[in-house]
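A.B. asks: Take this structure, written in structure tokens, and hold onto it; I'll ask about it next.
The values are calculated or read from the model by the stated rules, or taken from the named source; none is laboratory data. Remember, predicted model here, so these are calculated numbers, not experimental data. Glycine also receives a Cβ, built like all others from the backbone with ideal geometry; neighbour counts cover every protein chain displayed.
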Amino acid sequence: MKEFAVYTALRLALFLGSFAIVFGAWFAVTEDVPLVWAVVLAFVMSGIGSYFLLSAQREAFARRVEARAGAATARFEEMKAKEDAEDAQGSDGPSSSDRP
């Protein structure tokens with residue numbers, strides 16, 4: 001989960017940097033900054049920036065999730081095959097309903 005923590009920290013840092021830029025530029029122009037609009041613009045800027053700047057971290061996180069999902073699927077299929085084999089062995093012998 002290291003990839004998740006790194007990606008999340010970088011996204012947060014990118015948002016804070018975007019907010020500082022938007023807030024500073026807006027304050028320099030008008031000296032009256034509506035925080036809601038500054039936050040909205042910072043979200044948009046950081047979202048666009050993260051799409052381009054954080055693609056390597058996002059890919060590393062996606063590879064990690066895919067590997068874990070593959071391992072979980074393999075374990076599930078292994079347990080399913082084992083259970084099917086046990087069921088097949090149990091049905092080969094005489095069952096209690098076959099007795100008179």
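A.B. asks: Please work out if A9 is out of contact with any Gly (no Cβ under 6 Å at 6 or more places or on another chain), under 30 Å from R68 (Cα atoms) and surrounded by 11 or more Cβ atoms within 10 Å (Cβ to Cβ).
C.D. replies: Here the answer is yes, as A9 does meet what is asked.
A.B. asks: Being on the phi > 0 side of the Ramachandran plot and either at pLDDT below 90 or not β-branched (V, I, T) (or both) is the requirement here; does E66 meet it?
C.D. replies: So E66 does not fit the description; no.
A.B. asks: On to the next question. Looking at the range 74-84, can you tell me whether even one residue there is touching a helix residue (DSSP H, G or I) at 6+ places or on another chain (Cβ under 6 Å), in a helix (DSSP H, G or I) and under 30 Å from F4 (Cα atoms)?
C.D. replies: Taking every residue of the range 74-84 in turn, none turns out to be touching a helix residue (DSSP H, G or I) at 6+ places or on another chain (Cβ under 6 Å), in a helix (DSSP H, G or I) and under 30 Å from F4 (Cα atoms).
A.B. asks: On the basis of being in contact with a Ser or Thr (Cβ under 7 Å, 6 or more places away or on another chain), among the polar types (S, T, N, Q) and modelled with pLDDT of 90 or more, does S55 make the cut?
C.D. replies: It is false that S55 is in contact with a Ser or Thr (Cβ under 7 Å, 6 or more places away or on another chain), among the polar types (S, T, N, Q) and modelled with pLDDT of 90 or more.
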